[in-house]
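Q: This is the structure, below, for whatever I ask next.
The values are calculated or read from the model by the stated rules, or taken from the named source; none is laboratory data. All values derive from a computational prediction rather than experimental measurement. Glycine also receives a Cβ, built like all others from the backbone with ideal geometry; neighbour counts cover every protein chain displayed. For accessibility, only protein heavy atoms count, side chains too; no ligands or nucleic acids. Shrake-Rupley method; radii C 1.70, N 1.55, O 1.52, S 1.80 Å.
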Amino acid sequence: MNVLVCISNVPDTTTKVKFTDNNTRLDTAGIQWVINPWDELSLTRALELKDDASTGVKQVSVAHVGPVSSEPTIRKALAIGADNAFRVNVEPADAYQVAAALAEVVKAGQFDIILCGIESSDYNGSNVGSMLAEFLDLPSVSAISNLKVEGGQAVITREIDGGKEVVVVPSPFVGIVQKGIAKEPRIAAMRGIMMARSKPITVLEAPAAEALSSFVAYEPPQPRAACKFIDPENAAQLIEMLQNEAKVI
Amino acid sequence: MSVIIYAENWDGKFKKLTFELASYGAKVAEMLGTSLVAVSIGKVEESELKKLGKYGVQKVVTTDHELLRHLDSKAYTSLIARVAQKEGAKVIVMASNNAGKSIAPRLSVKLKAALGSGVNKLPLTTEPFVVSKKVFSGNAFAHLLLNTEVKIITLMQNSFDLAENAVEPVIENFSVELDGAEVKTVVKDVQKHEGKILLTDAEIVISGGRGMKSADNWQPILELAELLNAATACSRPVSDEGWRPHEEHTGQTGKIIAPNLYFAIGISGATQHLAGVSSSKYIVAINSDKSAPIFEAAQYGIVGDAMKVLPKLVEAVKEIKTK
């Protein structure tokens with residue numbers, strides 16, 4: 001069984017984002033790029049499955065869509081433990097174009113489980129995984145908080161409104177992964193970093209899929225009114241203000 | 001030509017979120033000078049379907065099949081795509097929730113329709129079609145141009161006020177032929193948190209952080225939540241410690257919520273936490289550290305020991321509830 005984990009690189013989540021060109025473009029100066037947190041958890045879970053011989057998972061690959069400048073992110077995934085990587089050589093424009101590019105990777109290999117993070121922490125789209133499944137005409141399961149492989153079959157726990165469902169789908173399928181899938185992201189050890197240098201990255205050319213949407217402008221959030229402080233000895237006053245001033249209780 | 005909403009049901013019932021979508025869809029239909037159609041999948045009584053009319057839905061296309069009682073994103077997508085084509089949909093609107101997030105992107109590929117996900121208000125313009133959405137986990141808003149003839153929008157919960165616009169909707173049954181081969185997702189087990197207010201639906205949320213010091217200190221939070229008909233939540237360290245279940249974690253990697261009122265108790269307000277709650281209409285912060293960043297996001301604040309302040313709040317709420 002082979003697992004493919006799709007990884008995106010995003011600004012470090014503590015980045016203070018700034019825009020340039022009259023607020024039409026992200027200012028990338030000084031940004032530290034990291035693996036998208038949910039993708040990192042997907043990769044961690046895939047490696048845990050590989051570590052457990054009973055799952056039959058033999059290989060974990062990663063796929064990334066981006067120019068050569070994003071290879072450090074791929075190397076990081078290889079250092080964490082992925083066996084090999086694919087990069088589709090195109091500047092990502094929107095989720096549709098990225099999903100179309102990832103579909104080329106899936107077609108180029110033999111993958112039983114394809115994992116994507118539920119969203120990226122930059123554009124917060126939650127789109128790529130499900131789009132990829134539709135491009136490939138594969139089943140997809142979203143909001144996965146647990147993934148096991150038993151008797152050659154993936155057993156999935158997905159979150160639904162107000163609860164959880166345990167579901168099975170035939171492979172290959174696209175799994176869209178959320179919090180809970182792995183406890184802590186795995187960190188690269190020195191040995192992994194050394195080994196990553198010699199692991200293969202296959203570069204594919206992008207398919208002819210154009211973006212359907214584009215960001216035309218950005219705006220910072222509206223500043224909130226200053227906080228009104230209430231004396232802790234007179235906490236009841238807060239409830240009075242929430243009732244009569246904010247009118248929310 | 002039409003605007004279509006996907007009217008999801010929960011055990012045969014709609015909820016406020018569904019009516020928010022209808023209110024939003026009606027306004028978009030008005031902007032485009034067209035009519036509003038709702039698609040319902042699953043077993044929903046006609047009396048329930050008709051409730052959509054109160055918010056401007058002129059026609060409800062309803063379909064039920066035993067294979068569609070659980071979400072199968074591929075089968076649902078295929079069905080909604082057929083209704084969209086039949087109704088000449090120009091804009092398709094869904095909720096930005098579990099179901100919407102798993103259907104809308106598939107539909108975008110199937111119909112080659114641009115998708116704006118997590119949209120927080122009406123389209124800024126319709127020619128060209130530009131929507132607004134939160135990006136960088138709430139640190140900015142972006143204007144997104146949807147550059148195709150058919151557009152898809154997923155709308156953030158609690159971002160659009162209900163607007164009554166009563167019409168008598170036409171109910172149309174849409175029958176589907178399905179065999180097991182088209183529905184791949186097999187549900188083996190369902191675990192529901194019975195009787196709890198859903199965090200994503202709650203108008204008021206009471207959330208505790210590391211400043212609560214121990215799982216044993218949660219009683220006043222639970223009591224306050226009960227009195228205010230609120231849901232309970234927590235910050236990431238709290239769910240990591242196992243003081244509260246993971247489902248309660250709000251923040252960048254947990255749940256993103258937008259209640260009317262959010263109590264952050266003993267939560268310092270790291271960027272990652274604020275990313276999950278910054279769309280709340282009002283934030284109340286209670287923290288012993290007056291320099292905690294949560295006070296920059298809050299409209300009301302108390303600098304003090306949560307264990308001393310909470311009982312006073314509980315008493316004050318009891319007092320107003322008995323009046």
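Q: I'm checking my understanding of the structure. Among residues of the stretch B:190-232 that are among the hydrophobic types (A, V, I, L, M, F, W, C) and assigned to a loop (DSSP other than H, G, I, E, B), which one is most open to solvent (accessible area, probe 1.4 Å)?
A: Ranking the candidates gives B:Ile197 first.
Q: In the stretch B:146-189, what residues are in a strand (DSSP E or B) and either surrounded by 20 or more Cβ atoms within 10 Å (Cβ to Cβ) or away from every other protein chain (no Cβ under 14 Å) (or both)?
A: Selection gives B:Leu146, B:Lys151, B:Ile152, B:Ile153, B:Thr154, B:Leu155, B:Val170, B:Ile171, B:Glu172, B:Asn173.
Q: Among the listed residues A:Ile176, A:Ile230, identify the single one that is at pLDDT 95 or above and under 30 Å from B:Ala181 (Cα atoms).
A: Answer to the selection: A:Ile176.
Q: Further, regarding this structure: Scan the stretch B:18-74 residue by residue and report those that are part of a helix (DSSP H, G or I), modelled with pLDDT under 95 and of a type in the set (A, V, I, L, M).
A: The answer is B:Leu67, B:Leu68.
Q: Can you tell me which residue among B:Tyr282, B:Tyr300 is open to solvent by 60 Å² or more (accessible area, probe 1.4 Å), within 22 Å of A:Gln243 (Cα to Cα) and of a type in the set (Phe, Trp, Tyr)?
A: After applying the criteria, what remains is B:Tyr282.
Q: Within the group B:Ser137, B:Ser78, B:Ser108, B:Ser96, which residue is more than 17 Å from B:Ala26 (Cβ to Cβ), open to solvent by less than 10 Å² (accessible area, probe 1.4 Å) and within 11 Å of chain A (Cβ to nearest Cβ)?
A: The match here is B:Ser108.
Q: Let me ask another. Yes or no: the stretch A:103-110 includes at least one residue that is within 12 Å of chain B (Cβ to nearest Cβ), in contact (Cβ under 8 Å) with a residue 24 or more places away in the chain and either buried (at least 21 other Cβ atoms within 10 Å of the Cβ) or of a type in the set (Val, Ile, Thr) (or both).
A: Checked the stretch A:103-110: at least one residue is within 12 Å of chain B (Cβ to nearest Cβ), in contact (Cβ under 8 Å) with a residue 24 or more places away in the chain and either buried (at least 21 other Cβ atoms within 10 Å of the Cβ) or of a type in the set (Val, Ile, Thr) (or both).
Q: Restricting to the stretch A:135-191, count the residues that are more than 7 Å from chain B (Cβ to nearest Cβ) and not in a strand (DSSP E or B).
A: 19
Q: Now a separate question. Residues that are farther than 30 Å from B:Ile153 by Cβ, in contact with a Lys or Arg (Cβ under 7 Å, 6 or more places away or on another chain) and away from chain B (no Cβ under 12 Å): does the stretch A:228-238 have at least one?
A: no
Q: While we're on this one: Can you name the number of the only condition in (1) aliphatic (A, V, I, L, M); (2) surrounded by fewer than 16 Cβ atoms within 10 Å (Cβ to Cβ); (3) in contact with a Ser or Thr (Cβ under 7 Å, 6 or more places away or on another chain) that A:Ala208 fails?
A: Going through the list (1) aliphatic (A, V, I, L, M); (2) surrounded by fewer than 16 Cβ atoms within 10 Å (Cβ to Cβ); (3) in contact with a Ser or Thr (Cβ under 7 Å, 6 or more places away or on another chain), A:Ala208 breaks only (3).
Q: Here are some conditions: (1) closer than 17 Å to A:Glu48 by Cβ; (2) at the interface with chain B (Cβ under 7 Å from one of its Cβ atoms). A:Tyr123 meets all but one. Which one does it not meet?
A: With respect to (1) closer than 17 Å to A:Glu48 by Cβ; (2) at the interface with chain B (Cβ under 7 Å from one of its Cβ atoms), A:Tyr123 is out only on (1).
Q: Restricting the search to the stretch B:2-17, which residues are free of Cβ contacts under 8 Å to residues at least 40 places away in the same chain and in a loop (DSSP other than H, G, I, E, B)?
A: Correct list: B:Asn9, B:Asp11, B:Gly12, B:Phe14.
Q: OK, next. Report the residue count in the stretch B:233-248 for those that are outside any helix (DSSP H, G or I), touching a Cys at 6+ places or on another chain (Cβ under 6 Å) and open to solvent by less than 30 Å² (accessible area, probe 1.4 Å).
A: Final tally of qualifying residues: 0.
Q: Filter the stretch B:119-153 down to the residues that are among the aromatic types (Phe, Trp, Tyr) and within 20 Å of the chain's Cα centre (by Cα), then identify the one that is nearest to B:Gly276 (Cα to Cα).
A: For the stretch B:119-153, the residue satisfying everything is B:Phe136.
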